[in-house]
Amino acid sequence: MTDLLQLLFAGLSQGAVYALVAIGFVAIFTVSGVINLAQGEFAALAGLVAISAVGSGLPLLAAVVLAVVSVALVAVIMERLVIFPVKRMTTLVSLILTLGVSTGLKALMLLVYGPNAEGLTPLTPGGFSLGGVSIRYQELWILLIAGVVSLAVYWFYERTLAGKSLRACAEQPVAARLVGISLTKASLLSFLIAGTVGAIAGVLASPIYFTSWESGLTLGLKGFVAATLGGLISVRGAVLGGLLLGVLETLTAGYISTGLRDAVAFLLLIIVLVARPAGIFGRTAEARV
Amino acid sequence: MSLEVRGLHAGYGRLAVLHGIDLTAGEGELVAVIGANGAGKSTLLRALSGLLPVTSGTVHLAGTDVTGYGPEKLARTGLAHVPENRLVFPSLSVADNLVLGGYTRRRGPASARKEARDRAMALFPRLEPRLEQAAGTLSGGEQQMLAIARGLMAQPRVLVLDEPSVGLAPRLVGEIFSALGKLRDDGLTLVVVEQNARAAFAVADRVSVMDRGRVVLEGDPAALSTDPRVSGGFLGGGFAADADATTEAAPATGATRAADRR
Amino acid sequence: MTRRLPRIGAHRRRSRRGDVIGIAVVALLMLALPLVASSSVINVGVYALIYALAALGLSLLMGLAGQVSLGQAGFFAIGAYTQAVLVTKYEWSGLPASVLAVAVTMTAALLVGLPLLRLRGHYLALATLGFGVIVTVLATESDFLGATSGIFGITKPEMNGRTYNSPTEYYLLLVPVVLLGLWLARNIVESRIGRALGAVNDSEVAAESLGVDTFRLRVQVFVLSAAYASVAGTAFAHWLGVINPNAANFPLSVKFLLMAVLGGVGSVYGAVVGAFAVEGLDDGLRRLIPELLPGAVGEVQLIGFGILLTTIMIFLPGGLHQLWTGARRRMAGDTSAPDPEDEGEARLEPVADDVPLLAREGRPAPGTPLLEVRGLTKRFGGVTAVDDFDLTVAAGEIVALIGPNGAGKTTAFNMISGAVTPTAGEVTMAGTRVEGRKPHVFARAGATRTFQNLQIFASATVLGNVMVGRHLRSRSGMLGAALVLPARREERAVEESARELLDLLGLGEDADRLAVDLPFGRQRLVEIARALALDPDLLLLDEPMAGLSGTERRELARLLRRLRAGGMAIVLVEHDVEAVLALADRVAVLEDGVRIALGTPDEVRHDPAVLAAYLGVEPEDGAATAVAEAGAP
C-alpha cells in the first residue's frame, strides 16, 4: 500500500511535468496545426540555462527567471525564422522543420553545455516522510507550480480577449481573419506560450530528473503522448493526459520493469491513436482549448 | 461610393476565375450579386475581403484605395465579411463571438462597442436569451444571425455577405433578408452574394448577375427579373427567379426550349 | 517557389526522362568513387550506400504515399537483428539469411502498418516514432538479443571464395544492390500503382471513388519501404560485425529522413544523392567541429543536420532534385504557363442525341434496378441533414435530385457513394451493400461519381487524371510494376483508351496539359471523363452544369442522353432546375433532408409541396401557379 502511494505520488509529480510540456504542444497545434517537435528541447534548454546561471553565481530565482525568459525568446525567434516564412504548412513540412530546429538546438546545447547530465539546485532542498511515503519538497513545488500555471493558461484561454482570439484562430481561421485577428500574430503568441510553459517544465523537472542536451527528446515525446491522450486540442485534456501518463509510467516501472517504462508510453500512444483519435477524454467539437 | 470595384481579376494559382469585375455600391445601398454555382461569386467576395490576392484591378472603400489589403487591415478599414456557412466560433459563447466581432475596435470607446451590440441585439432579438450558450449549439438560422451580428460588431461601412440563405427554411430566409433591408434603411452599405435569386431580388436596390467570372447583367431587380436570361435558369435564377418572372417570360425558359428540341 | 513537397511522378513525362538521366549519373558517380578516393573515404561511401537503401524506402513512402515515418530505423534494426541472429546463432549463410530477414521485417511492417496506417499525418509520424522507441526498448530488454551490448561476431560476407572485407570490396558489392533498388523503385513510381498513389495524394476521396483502395496501397508502400530498410539493415550488420539497440534509434531515423529530404522527395535517385551528401557532411563535421571548438565532444555534427533540415525545407523544399530540374527547365526554356485568357469552350462531336455511347457487353438491361437506397439518414450533432431517404435507380434512366441549397443533396450523394457513413439506412448497388464502406467498394460495384467542388488530381495531366479512372480496368500490382515487363503493354492500352475518351469529350488537345491549368468548365468535363473511364453502370454527377457556358451545358446534356441510350444509369444533383426537368426521366425533390416529391418532371412541376419548397408560398399564390402552368410543355 505504501509502495502504491509512493508510486502514485512520484507519478503525479512526473506527470505534472509532462502536463506542462503537453500544454505547449496544444498551444501551438491549435493555432497553426504544427506539432512542434522542439517542444522538449525548450524544457531541456531552460534547465541547462538555469544550471549554468546558478553555476556562474546567479541566485536560484534569478537563474530560473533568466532561463524562462530566454527560452520564451528562443521560441519566438523560432516562430519568426522557421514557421512564419512558410506559406503552405503541410504536415510533412512542419514535422521536418521542427525536427530540424530540435536537432539544431540539441547540438547547440551539446556544444555549449557539454555532454553531461546535471541537476538544478532544488527550490527547497530535502524532503520528509508521511506515513512511509517519502516526499521531496521539490515534488511539492512541481505540483503546486504546475497547477498554478495550468490554471493560468486555462484562464487565459477562457477569459481574456487575446486567449479567445487564439481559440477563434484554432476553430475557424478564416472567420478569425475576417474579424481582424492576425493569424501570424496568433502563431507568434502561441509559440511564446509554448516556450514559456515548456521552460517552466524544464526548470521544475531539472532538480529531480536531471537535464542533459538529450533529455528533451524523451520529455518532448512524453509531452506529446500526454497531449494526444487529451485529444491534442484541449488544455484540460493535456493536463489530465500528463498526470495519467506519469502515473502509468511509474506504476510500470515499479511493478513490472524499469526498462519497459518508455515502451509503455508509446504503446499507450499507439493504442489511443488507433482506438480513440480524439483522445480518451475527448469530445472533439466542444472541448477545444 | 462606399464600395467601388474596377476591373477586378483574381483566381487560384494559375487558374483565373474573375475576368474583370466592375461593381459599385453607394452609401445605404443594398446590391445583390447572383449567379449559379461556379460563377465566381464567392471568389469575388474572397478577393474583396483580402482572403484572395487580387491579380489586377482596384478596390476602393469609401474613397480609400484598399487594393491588396489583407483581411485584418480591411476589417479595420471598415469592411466586414459574413462568410459562407456562417463560420461562427463553435465552442465560444454567443457573447464571446460578438466580442471577437468587435476585435478591430477593441481599443475604441466601450460605449461604441456597447452601442453596436445593442443594435445587433435589437436586430436579432432571438440571440439575446442565448448569449451564454456555445455558438455551435445554435440552429442554422440563429448561427446566420450571429454571423451577421458578429460582422456588425466591427462597426463597418460596408457589410458583404456570402450566401446568407444557404440551408435555411424559407421563413428564416425571409427573416434574414428583412433584417438586411433594415440595415440598409439605417444607412449601411451591403453587398449580398446569393444563389437564392428570389430572396435577393425582394430587397436589393440593384442586382448584378455573374456568369463564369464576369458580370453579364446589371440593373434594378424589377427590370432584371423579367429578363429571360435570368429566369431561364442558366444564370442562376432557376425556379426561384421564375416566381417573380411574369408569365410572358416563362415561355423562354430552358425547359420549354429543351422540350421544343425533343 | 513552390512551398509544397513535390511528389513523385508529378510531371510524369518530364520526370520519366529526368529520373533515367538522374539514375545514370548517380550510377556513374558511384562507380567512379573507388577509382579516385582513399580507403577512409570509401568507408564513408559504404555507409552512404547502406543508408541510401533505407532512405530510398522512406522516400518512396513520403513521395508516393505522402506519409512521414519517423521510425524507419526500427525496420532497419529488425532486419539487422534477424540477420545477426540467423548468422551467429543458427549459422545460416548470409544470402538466405538476408532473404528471411527481409521477409520477417515485411511481416512486422504489415502487422505494424495495419493498425497504424489508419492514422494520418502527424499522428502516423509520431506513432511510427513510438514504434521505433519500442523496438529500441525491446532490443535493450531482451537477453536473447544481447541487451545493451547487442550481438557480436557477424562475419563479412563470403561468396565464390571471395571475402568482401575491405571497404572497396564491400562498396562494389553494394553498388549493384542499390542500383537494383533504384530501378525497382522507379518502375513502381511510373506504374499504375504509382499513378493511383499520386492521385490519392491529390484527392483521396476522388481516387477512392475511382476504385483505388487507398488503405491497401498505403499498407503496400509501407511494407515495401520497410523492406528497403531491412536490406540496408542486413548490409549494415555484416559490415559493422556487431548490432546493438542504437540501430533502432531515433537519431538514425532522423538521418534517413534528412537523406530523403535533402535529395528531394520528388525523385527516386535523390535518396542516394542525399545519403552521400549527409554521410559526407557527417564525416566532415565530425572532424571539423572539434578543431574549431576544442571542447566539443559527442554528436556535435547534429548541428549541421538541424540547420540543413530547416533551411532546405524553407528554401528548397524539393531538395537537390529541385535544383537539378530547375536548371534543366531553364535550359530548355520552359514556357508551359497557361494562357489566362484562354477559356475556349470544349467542343463535343456533333452527333444526334440518341446515338448510344459507351454501351458495353454485360451491362444490365435497361429497367433493371441497379441502385436501391432505403431509409438513408444522416445526423450531424442535432441536425438531421438527410432523413429517411428512399430511391431506386434502374439501368438506362436519368434521375435528378433537386432541392434548395442545403437541402441535403450532396450529403445524400456522399452517403450513397461511400464518402460519408450514414447514421441509418441501406444502400445496395448491383446487389452489393455499400453503405458505410469506402467509395472504392462502390466503384467496384460499377458506380462512380463527380464532385461539386472539383476534385481534380492537381499534380497530374488531363490524361493522367483519366488514366486513374482506368484503375479498376487494369490489374498490374506492385510486383508486376516493379519488374516492368508484364505491366508495359497494359499501360499502353490504358493510355490509348484514356485518349479515346478525351477525344470523345472534346478534350483531346488538352490531354498533356496539367489539369489544374484548364478553365473551370473544362475541369468539370475532365472529372466526367475520368468517371467514364471507369466504365460505370451508374454515374453520380454532383452539379455537372455549374460553371459551364450555355453551349457546354447543351452539349453535356446531349452526352448524358447518349450515355443513357448506351444503358448507363445517371443520377444528377443540379441547381439548374429547368435543365434538369428537360433531361431527367424522374426527379426527386429534397427539402430539409426530406424527400418531398418523386416523379416525372411533369408531376414534380405541379407538385404543391415542391412549389412551396422552392417559392416559399402556398400553391394558390397566383404567380407560382402561373409559372407552373406556363412552364409545362
In whole angstrom, how long is each semi-axis of the equivalent ellipsoid of region B:2-80, when you take the square root of 5 times every eigenvalue of its Cα gyration tensor and sort them from largest down?
-> 19, 15, 11
Student exercise, chain B dipole from Lys, Arg, Asp, Glu Cβ charges, in Debye to nearest 20 | 720 debye
If r is the Cβ-Cβ distance from C:E426 to C:A103 and R0 is 35 Å, what FRET efficiency results, to the nearest 0.05?
-> 0.25
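Can you tell me the relative contact order of region A:2-287? Whole percent, Cα pairs under 8 Å, sequence separation 6 or more.
Computed value for region A:2-287: 38 percent relative contact order.
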Overall dimensions of region C:136-265 as given by Cα atoms, namely Rg and Dmax in Å | 18.8, 56
In order over region C:40-48: 3J(HN,Hα) from phi, Karplus 6.51/-1.76/1.60, θ = phi - 60°, whole Hz, x for each Gly or Pro, gives 5, 5, 5, 4, 4, x, 4, 4, 4
Förster radius 22 Å - calculated FRET efficiency between C:R473 and C:A359 (Cβ-Cβ, nearest 0.05) | 0.85
Taking Cα pairs closer than 8 Å and at least 6 residues apart, the relative contact order of chain C in percent is 17 percent
Distance between modelled label sites at B:T64 and C:V242, nm, 7 Å Cα→Cβ extension | 7.1 nm
Listed by chain and number, the residues whose amide H is under 5 Å from that of C:T461, excluding neighbours fewer than 5 places away on the same chain and using placed H, are C:R12, C:A515
Alpha carbon convex hull of region A:1-127, projected area averaged over orientations, nm² = 9.9 nm²
Using a simple spin-label model with points 7 Å from Cα along the Cα→Cβ vector, what separation in nm is obtained for A:L60 and C:L292?
-> 3.8 nm
Please give the helix C:72-89 orientation as an angle from the longest Cα principal axis of chain C, in degrees from 0 to 90, rounded to the nearest 10.
-> 50 degrees
Would you kindly state the longest site-free stretch of chain B, with sites defined as GluC sites (Glu not before Pro) in a DSSP loop (not H, G, I, E, B) surrounded by at most 16 other Cβ atoms within 10 Å?
-> B:133-247
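Quick one: which of A:K106/C:K255; C:K378/C:K438; B:K182/C:K409; A:K106/C:K156; C:K89/C:K156 span more than 26 angstrom between C-alpha atoms?
Values: A:K106/C:K255 14 Å; C:K378/C:K438 16 Å; B:K182/C:K409 33 Å; A:K106/C:K156 35 Å; C:K89/C:K156 15 Å.
In this structure, B:K182/C:K409; A:K106/C:K156 exceed 26 Å between Cα atoms.
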Could you point to the residue in A:G202, A:I181, A:A19 farthest towards the positive end of region A:2-287's charge dipole, with +1 and -1 charges on the Cβ of Lys/Arg and Asp/Glu respectively?
-> A:I181
Any chance you could list P(r) for chain C, counting all Cα-Cα pairs in 20 angstrom bins from zero, rounded to whole %?
-> 18, 43, 27, 11, 1, 0
When only C-alpha pairs under 8 Å and at least 6 residues apart count, what is the relative contact order of region B:92-220, in percent?
-> 23 percent
May I ask for the percentage of alpha-carbon pairs in region A:2-287 that lie more than 22 Å from each other?
-> 56 percent
Stokes-Einstein translational diffusion, region B:72-144 - Kirkwood Rh over all Cα pairs, 0.890 mPa s, 25 °C, in µm²/s = 189 µm²/s
Cα→Cβ-extended label distance, 7 Å offset, between A:L151 and A:V274, nm = 4.0 nm
Exposed-site-free run, longest, chain A (rule: trypsin sites (Lys or Arg not before Pro); DSSP loop; at most 11 other C-beta within 10 Å) = A:89-289
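Once Rh is set to the Kirkwood radius over Cα pairs, what Stokes-Einstein translational diffusion coefficient, in µm²/s, holds for the protein assembly as shown at a temperature of 37 °C and a viscosity of 0.692 mPa s?
Estimated via Stokes-Einstein, D reaches 101 µm²/s.
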Calculated SAXS-style log₁₀ I(q)/I(0) at q = 0.09, 0.12, 0.13 Å⁻¹ - chain B, Debye, Cα scatterers = -0.40, -0.71, -0.82
Rounded to whole Å and sorted largest first, what semi-axes of the equivalent ellipsoid does the C-alpha gyration tensor of region C:430-528 yield via the square root of 5 times each eigenvalue?
-> 23, 21, 12
At q = 0.25 1/Å the base-10 log of I(q)/I(0) from the Debye formula over the alpha-carbon atoms of region C:487-556 is -1.25
Calculated from DSSP H runs of 4 or more alone, at -39500 (n - 2.57) each and per residue, what is the 222 nm mean residue ellipticity of the protein assembly as shown, nearest 500?
-> -18000 deg cm²/dmol
Counting only residues 5 or more places away or on other chains, whose amide H sits under 5 Å from the amide H of B:G20 once H atoms are built in the peptide plane?
-> B:L8, B:H9, B:A10
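Bear in mind that the values in this text are calculations on the coordinates, not laboratory data. Because the structure is a prediction, the values reported are computed rather than measured. Positions of Cβ are backbone-derived with ideal geometry, glycine not excepted, and every protein chain shown enters the neighbour counts.
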